[in-house]
Structure formats: structure tokens, C-alpha cells
Amino acid sequence: ISLEKLGPTYVKFGQALGSRPDVVPTSLAGALSTLQDDMEPFDNDVAKEIILAELLLREANVSTITDTPVAAASIGQVYKANIPGKGDVAVKVQRPGVRTLVERDSELLLTVARFVESLPALPSSSSTGDATNKQTRLINTELVSTTKEFMSRIFEELDYRKEASNIAQFSSLYSRRDGTSKDVSVIVPKVYTELCTENVLVMEWIYGEKLTDVTGTASNTGEQSSTVEENLALVKVAIDSTLSQLLVEGILHADPHAGNLLKVTLEDDSVTLGYLDFGIISTIPEQVRDALICSVALQVFSRDVDAVSSLFGELRLIPQHILDDDEERAALAEALEITFENSLLYPEAAAGDDDTTAIPDLKFDKLLDSLSRLVPRFQFDLPPYFINNARALSTLVSRGHCQVTRPYIQCTDYHIPICIEQATEKSIEERSSCKDITKFDPIRRWQDRSDKDTTIA
């Protein structure tokens, strides 16, 4: 609540800290991750004056507009309006003076970051003089560069023309209307770029219910089983869509939490998934995608922690000098083995069964908690999209949304097939240190088993 009163920069800074367990304790990071972006709306008359003035310059007339905003966040607020020739639209208008406020806050945060980064490490209390403790600063994280990255993303969100470009890019890949992706087909609002400015964003109004609402009530409203199954199917689509964006196309909605996902009913009464809020779109380099695929295959099927740790350079998670240090790399492999033991639960193999094809249950909370503990030790650099999407998947899978309808959904049920499909369709071994992944015996056996299961079904 105190952060919300300080304004948009601090709301978003708190949210960002929630995705950086290397900067704040895990318990505080968890609390900050729940921080809401909702804020009290600014004056309606001022908002409408901005909207009408900006649209009038583009010769667009507004026939109707809601008296009050349908949503208000830290940077702007949204109204439902009707524009002749466009129909019902969502109009997002930016808070007056927010740029000046963010610029001032940016300077203050950078000053604090430089000061904290300059503080020396506390003298070690160890009498043995542990040589492995190479930390010279109190906070080992690069706070200045982290703050600069964070502020650059806020400034990006301040330009609604950039968000309009993000919507167009996301739509060109994933929209049911004209998307090119063969794996993802969802509802993406049409953006009217000719009406958008730095301060006003105009897009198609999407009628639907937030996924948080439809999944959050399914267990206690006496819904019919068909509706429950319908909601469950949408959760599966949300999981599959996020993983496909991450591993296949590499253009990723940066914060696909359930509040940004809609249940949309189509004209034929079928339902599908819709997306909202395109302030930030992340691009995942092909090298990182390939390394993710190889890491999953190596860990799930062969449990080769040494091989997985060697891929952390390609994943751009750990500085190369850490991986080039034999002692550090061995320590990393040991730490990862403990992490995977705690977060990947393999089913017990039946007598005579080959358990190299067994798919483990993934405990997201334990995985994120364990990885966050390794951040300061090995100088992890966890990209914001990694934490945001991991938490989004965790929410969909294990924090109630899936459990409302069916408690045994596992993200690995969707993750593994996508990884294997990509490993076999693309010549990953030609570009990655993960050599001969497509010839990996456990993968071939898993594919054979999967084909048999499909035939039986």
C-alpha cells in the first residue's frame, strides 16, 4: 500500500523486485510479486479531454464513452468507447505528468543503486579464511545496470505507440485472425495504429471474462461438468501458448498472468483464449531457446546435471568466467543436482520398466525458490521474462487455477512434447553445444512410447 501511494515508478519497482530474488530475500520477493498495479483513477474530465483532443487531431469522432474508467493502473486508465466505423473500442489514456515523475524517480533510484553498489562486503567471520568467498561487495548484484534496465522498460511502457507496435507484432504471429504460428491461435485485439499517440492507445474491445474469474469460482458455484472442462481446456491452452511462445517463436508476452488472459466466447458458442496488456514483449534469442530445449531433454531423460550446467552460458544465465572455473562449475553442478532433486519428482518405475522415459512432476515453487538461492552465489542473471513466465505457469498449474478443476495437471505434460518436437524438427545440434540431441536414446524411446499411447487412445 505504501508503494502504491508513492506513484507508478515505485509500484513497478516493487513488482520488479518481486522478480529479482537475487536483490531481495525470497519471502519479500514473493510478497512483492502480488503487488497490484491497480490505482485510483485520475480526474475523468481531464482524461476525456486528452482522449477527445488527441483523437480529434486524427479526425476520429467518439460517439460514446463510459462515464468512468473500466480499469485504472499506475501509468494510465482505460475507457470503453464507440468510434463510428470501428465499433466498440478500448481507449487507454496516460496519466498527465507521468513522464516527468518517472524521470525524477529514475535519477533518485540510480543514485541509491550507485551508493548501495559501492558498499564493501562485511569482514568474514570465518577463522579459516575461506578462499572460495570471492565477494568484495556487500551486494554482489549489478544494481546500477539492473536499475537502468528496469527504468528503460518503464520508459518503453510510457510510449503507447510502442505498445501498439507490440500488439501488431504479437498479432502477426499468434492471432486467430491472421497469425502465422502453427502452434498458437488466440484472440488478440486489433490495434488502430492510425489513432494511437504517445498518450492514447486505441484498440478493439474484446468481450470476455478474465481467466482468474472463471477458474477461481469453478469449484464452489455448482457449475456443470461441461463448463468445468471448458475452463480446464483454456488453462491448458494458456500453458501451451506460453511454452510455444518461449520455445518455438521466441516472441513472448512478458507477463502472461491469469489476470491478463481472457475467456472469450465466439459466435459459434465455442470458447477460446484472449490476451491483454502488451506493454512489454520479450524476444528470446534462438541460441537461448535451443539451450532451453537441450537442458530439459538432458535433465528429464538422462539427469545429466553436468551437461545442463554447461548450457547455462548459452542460456545467458551465468557469466562465462564462472563456467570456465572448474571449481565453480563443479559447485554449480552440485547445487543444481540438489535443486532438481527437490523440484522434479519422478514416478516410481514398475518392475522391468525403463524409467528413462518417465516424465517428472515439476514443483514450480520449489524450483524458483532453489534457483533464487543460487543467484548471488553464481552471479545468475535471471531475465525478467523468465521469472514472470515461470510465475505465470506456476499460477496456472499449481496455485489454484488448475487445482480448481483438476488437481493433477502438470506443466511437463506440455513442456516435454514441445521440447522434443523442436529438437527433432530443427537441427539444434548444428547450432548448440548439446550435440546429437535428436539421436538421444531416451528421446527416441519416449517418442515410441508416446506414439503407442496415441495409437491406443
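Each value in this text was obtained by applying a stated rule to the coordinates, not by laboratory testing. All of these numbers come straight from a predicted model, not from anything done at the bench. Reconstructed Cβ throughout: ideal geometry from the backbone, glycine too, with neighbour counts over all protein chains shown.
A few notes on this one:
- Report note on the peptides 46-58, 307-319: ranked by the mean count of other C-beta atoms within 10 Å, highest first, their order is 307-319, 46-58.
- The stretch 43-58 residues near the modelled residue 194 label - backbone nitrogen below 18 Å, point 7 Å along Cα→Cβ: 54-58
- Net charge, residue 266 excluded, C-beta distance under 15 Å - Lys, Arg +1, Asp, Glu -1: -3
- Among the listed pairs 263/366; 92/162; 48/80, those with a Cα-Cα distance over 21 Å are 263/366.
- With the simple spin-label model, which puts each label point 7 Å out from Cα in the Cβ direction, the residue 326 to residue 121 separation comes to 2.2 nm.
- Length released on extending from residue 139 to residue 82, taking residue separation times 0.36 nm less the Cα-Cα span: 15.3 nm
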